[in-house]
Amino acid sequence: MQNQAYNRLQAIFVSDKRWVVALAVLVLCLVTGAIGGWLIAYLSPLLTAALVVALVGGLLMLRSTQFGFLALIGVVCLLPFAALPVKIGFTPTFLNLVLAVLFAVWLARLVTGQQKEFVTSPLALPIVIFLFLASVSFVAGLAHASPTPNAVRRFAEIVLGIALFFVTVNCVRTRKELEQLVLVIILAGFGAALIGVILYFLPRALTVRLLSALRIFDYPAGWGVLRFIEDDPLLPMRAIGTSVDPNILGGLLILVGSLTVPQLFTRRPLLKRALAAPILAVMGLCLVLTFSRGSMAGLGCTLVLLAVVKYRRLLPVLVIAALIILLLPQTREYALHFMEGVQFQDLASKMRLGEYKDAFILISRYPWIGVGFVGTPDIDIYLGVSSLYLLIAEEMGLVGLGVFLVIMVIFFRYTWRSWKSTAHDPRLEAILLGLQTAVVGGLAGGILDHYLFSFPHAVAFFWLYIGLAVAAARLAEEAGPERPLTPSPPNLPLRGGGAKRSPPSQGGARGGWAVH
């Protein structure tokens, strides 16, 4: 019945009679315009545009997990806290919807047999154990704290973010898919940085007005959206973009910046250097404007590691950048702010030390499985600390923290071994090294901040990187240490997690996605 109706409609639009086609197009335009006008009048132009984009994006995501990954990257980088203007017991976020569709499409492929092979890796079992321990801590924590809808939702989002690793390694099977996602991450990260820089230099009243327009997506509004050092308007303002918090934006820039830097030095980049250089400049400027010392330290660790391991030409660039920040009058405020943090002289650093002290008290009382994700059993301690590792230890105990560290050790051991076999393939080498060092930067930044285990979009993005790195390592192993990959076929459609692995000959060093 549906096919007959579709065929009739198709026959009308391809009819040999021009007046029939013209009438059909006119009716279609009138109906579309009427619906669009009604939506604009009843909702708003911004909501109508968002609805159209969501419908088109949703249809594409149902076709392929690759489109789901692209949507996930866009949401994480550009609208990480956006939520639907409706409530169904809770307010679903854009991230909730994208993850739900992505997992649903992947599971449907497994159930229907479109994907016949479940890809595993050395990280699979430790991650399953980590998720199990998280569930144990969550349930055990309910004995002393009543769950709230937000607490349950946050826990579910963290679990889904970590489980995204399995979707990634199973769906990103070909060189083309890997390169597409890496390129989109770089461009979306550039978009986030550019928005942050533009909003920083616009008149503050206009910045507040633009950011407040996002309140229909559950973003904060008013002058309180602006952030300053020590929350003092007399001190320099901090860049936030659409990430709400400057430290969250800084954490995002660690990951995207680390992935972009190798493109500037490799012999076969995804981006021409003429594009990569200004993209990195905008990312670097935005990171400086966040005044996020932990993020700057994390990216610094990444860049030093890249320079030592592979790209020696990066060393003089780092020296010049450090001298500029230290000596220029325009960056003197930033240098002073950074040094105050290193010496624990400012208010924020002293408060962080207080958090660490309280966290150690909590961990000493509940060392094994932590206190869970909802609340604490004692009124003199609280849940929350500006450190990834201490937060995991608070919520999941030292056992959970130990399993997390084991996962990271296995990750670096596996991907490092694979990276050494990519010398014949500069493009794949740069991608894998960029993903590895991005994880290093995130872990380094996690010493001073907690976003990688607190905010669902940051958790999902971090484990997406781990999954992509493992997928890249697998592609390197399939190619072998001595045989270069042959070019991939041109104009391949987007695919998401096919039934069979593509042979090594489909993921060429000179093929794939690149911007020239």
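Restricting attention to region 103-125, which residues are surrounded by 18 or more Cβ atoms within 10 Å (Cβ to Cβ) and assigned to a helix (DSSP H, G or I)?
Start the filter on region 103-125 by keeping residues that are surrounded by 18 or more Cβ atoms within 10 Å (Cβ to Cβ), which leaves 105-106, 109, 115, 119, 121, 123.
Selection gives Val105, Trp106, Arg109.
Could you list, in sequence order, all residues of region 231-252 that are loosely packed, with under 13 Cβ neighbours inside 10 Å and in a helix (DSSP H, G or I)?
Once the filter is applied, which keeps residues that are loosely packed, with under 13 Cβ neighbours inside 10 Å and in a helix (DSSP H, G or I), region 231-252 yields only Asp231.
Mind listing whichever residues of region 287-316 are surrounded by fewer than 16 Cβ atoms within 10 Å (Cβ to Cβ), within 27 Å of the chain's Cα centre (by Cα) and without any contact (Cβ under 8 Å) to a residue 40 or more places away in the chain?
Val304, Val308
So that you can scan it fast, the table gives a plain yes or no per residue for (1) without any contact (Cβ under 8 Å) to a residue 24 or more places away in the chain; (2) out of contact with any helix residue (DSSP H, G or I) (no Cβ under 7 Å at 6 or more places or on another chain); (3) under 20 Å from Leu259 (Cβ atoms); (4) surrounded by 24 or more Cβ atoms within 10 Å (Cβ to Cβ):
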{"position": "Leu390", "(1), (2), (3), (4)": "no, no, no, no"}
{"position": "Leu401", "(1), (2), (3), (4)": "yes, no, no, no"}
{"position": "Phe404", "(1), (2), (3), (4)": "no, no, no, no"}
{"position": "Ile431", "(1), (2), (3), (4)": "no, no, yes, yes"}
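Please go through region 216-230 and give me each residue that is of a type in the set (Gly, Ala, Ser) and surrounded by 14 or more Cβ atoms within 10 Å (Cβ to Cβ), ordered by number. Before you say what the answer is, go through the steps one by one.
Residues of region 216-230 of a type in the set (Gly, Ala, Ser): 221-222, 224.
The answer is Ala221, and nothing else.
For region 183-195, indicate whether the set of residues that are at pLDDT below 95, of a type in the set (Gly, Ala, Ser) and surrounded by fewer than 23 Cβ atoms within 10 Å (Cβ to Cβ) is non-empty. Break it down stepwise before answering.
Taking region 183-195 first, the residues at pLDDT below 95 are none.
No, region 183-195 has no match at all.
Kindly indicate whether any position in region 442-464 is of a type in the set (Val, Ile, Thr), farther than 18 Å from Leu305 by Cα and touching a residue at least 12 places away in the same chain (Cβ under 8 Å).
Of all residues in region 442-464, those of a type in the set (Val, Ile, Thr) come to 447, 459.
Remaining after also requiring farther than 18 Å from Leu305 by Cα: 459.
In the following step, the residues that additionally are touching a residue at least 12 places away in the same chain (Cβ under 8 Å) were identified as 459.
There is at least one residue in region 442-464 that is of a type in the set (Val, Ile, Thr), farther than 18 Å from Leu305 by Cα and touching a residue at least 12 places away in the same chain (Cβ under 8 Å).
Can you name the residue in region 352-388 that is among the β-branched types (Val, Ile, Thr) and in contact (Cβ under 8 Å) with a residue 60 or more places away in the chain and, of all such residues, is surrounded by the most Cβ atoms within 10 Å (Cβ to Cβ)?
So in region 352-388, the residues among the β-branched types (Val, Ile, Thr) come out as 361, 363, 369, 371, 374, 376, 379, 381, 385.
In the following step, the residues that additionally are in contact (Cβ under 8 Å) with a residue 60 or more places away in the chain were identified as 369, 371, 374, 376, 385.
On the way: Ile369: 20, Val371: 25, Val374: 22, Thr376: 20, Val385: 23.
Only one residue tops the list, namely Val371.
Counting only residues that are farther than 13 Å from Pro80 by Cα, of a type outside the set (A, V, I, L, M, F, W, C) and touching a residue at least 24 places away in the same chain (Cβ under 8 Å), how many does region 221-245 have?
The initial filter retains those residues of region 221-245 that are farther than 13 Å from Pro80 by Cα, namely 221-239.
With the extra rule that they be of a type outside the set (A, V, I, L, M, F, W, C), the set shrinks to 222, 224, 227, 230-233, 236, 238.
Filter once more, so that each one left must be touching a residue at least 24 places away in the same chain (Cβ under 8 Å): 230, 236, 238.
Looking only at that region, the number is 3.
Identify all residues within region 468-507 that are at pLDDT 65 or above and surrounded by 23 or more Cβ atoms within 10 Å (Cβ to Cβ); write none if there are none.
Initially, region 468-507 is screened for residues at pLDDT 65 or above, giving 468-480.
Correct list: Leu468, Ala469, Val470, Ala471, Ala472, Ala473, Leu475, Ala476, Ala479.
Exactly one of these conditions fails for Thr331: (1) in contact with a Pro (Cβ under 9 Å, 6 or more places away or on another chain); (2) hydroxyl-bearing (Ser, Thr, Tyr); (3) assigned to a helix (DSSP H, G or I). Give me its number.
With respect to (1) in contact with a Pro (Cβ under 9 Å, 6 or more places away or on another chain); (2) hydroxyl-bearing (Ser, Thr, Tyr); (3) assigned to a helix (DSSP H, G or I), Thr331 is out only on (1).
The values are calculated or read from the model by the stated rules, or taken from the named source; none is laboratory data. Here the structure is a predicted model, which is why all the values come from computation and not from measurement. When we count neighbours, we look across all protein chains shown, and the Cβ atoms used for this are built from the backbone with ideal geometry, even at glycine.
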